[in-house]
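> Got a structure here, written out as structure tokens. Questions coming.
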Amino acid sequence: MFTGIIQSIGTLAGQETKGGDVRLYIHTGQLDLADVALGDSIATNGVCLTVVELTGDGFRADVSRETLSLTTLHNLKPGSPVNLEMALTLFPSRRSPGEWTCGWRGEGGGPPGGCPIHPF
């Protein structure tokens, strides 16, 4: 879950093509990654990316060809600036997983009785 408020400007440090997908290497600049773990989410130019590797000065994330085709991430070149935002901290020791989904798409509009929230 994100607020939409940019916390830092990073830089695309590199990219590696993997089939039709891409692994991005993002230098995070002033963004503090001390409490980030593998699997956490970092919004990069508004796109929720999952951290697959922490590098000390940034992170790597895999981006699917579908995400590339539907976002502006395909326009990035090494050296391009990127807007960064960490997922919200909802509990003192754990960041939000990035995206929460409740209910389902369709005519019903969601589960009867609303959406229970369970701690993770």
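> In the range 15-53, how many residues are surrounded by 14 or more Cβ atoms within 10 Å (Cβ to Cβ), in a strand (DSSP E or B) and of a type outside the set (S, T, N, Q)?
Of the residues in the range 15-53, 13 are surrounded by 14 or more Cβ atoms within 10 Å (Cβ to Cβ), in a strand (DSSP E or B) and of a type outside the set (S, T, N, Q).
> Just give me the residues in the range 29-65 being at pLDDT 95 or above, hydrophobic (A, V, I, L, M, F, W, C) and in contact with a Lys or Arg (Cβ under 9 Å, 6 or more places away or on another chain), in sequence order.
Across the range 29-65, the qualifying residues are 51, 52, 54, 61, 63.
> Follow-up. Can you give me the number of residues within the range 58-92 that are more than 16 Å from residue 15 (Cβ to Cβ) and surrounded by fewer than 18 Cβ atoms within 10 Å (Cβ to Cβ)?
The number of residues fulfilling the criteria is 8.
> Are there any pairs, at least 6 apart or on different chains, whose C-beta atoms fall under 8 Å, with the first in the range 54-81 and part of a helix (DSSP H, G or I) and the second surrounded by 11 or more Cβ atoms within 10 Å (Cβ to Cβ) and not aliphatic (A, V, I, L, M), and if so, which?
65/21; 68/21; 68/74; 72/45; 73/44; 73/45; 73/67
> Continuing with the same structure: I'm trying to understand the selection: among the residues of the range 5-19, which are closer than 18 Å to residue 77 by Cβ and touching a residue at least 40 places away in the same chain (Cβ under 8 Å)?
Restricting attention to the range 5-19, the residues satisfying the condition of being closer than 18 Å to residue 77 by Cβ are 9-18.
Scanning the range 5-19 gives 9, 10, 11, 12, 13, 14, 15, 18.
> Suppose we keep only residues that are within 20 Å of residue 81 (Cα to Cα) and among the aliphatic types (A, V, I, L, M) within the range 1-14. Which one would you say is surrounded by the fewest Cβ atoms within 10 Å (Cβ to Cβ)?
If we take residues in the range 1-14 being within 20 Å of residue 81 (Cα to Cα) and among the aliphatic types (A, V, I, L, M), then 5 is surrounded by the fewest Cβ atoms within 10 Å (Cβ to Cβ).
The values are calculated or read from the model by the stated rules, or taken from the named source; none is laboratory data. This one's a predicted model, so the numbers in the text were calculated from it and none came from an experiment. Because the Cβ atoms are built from the backbone with ideal geometry, glycine has one as well, and the counts that use them run over all protein chains shown.
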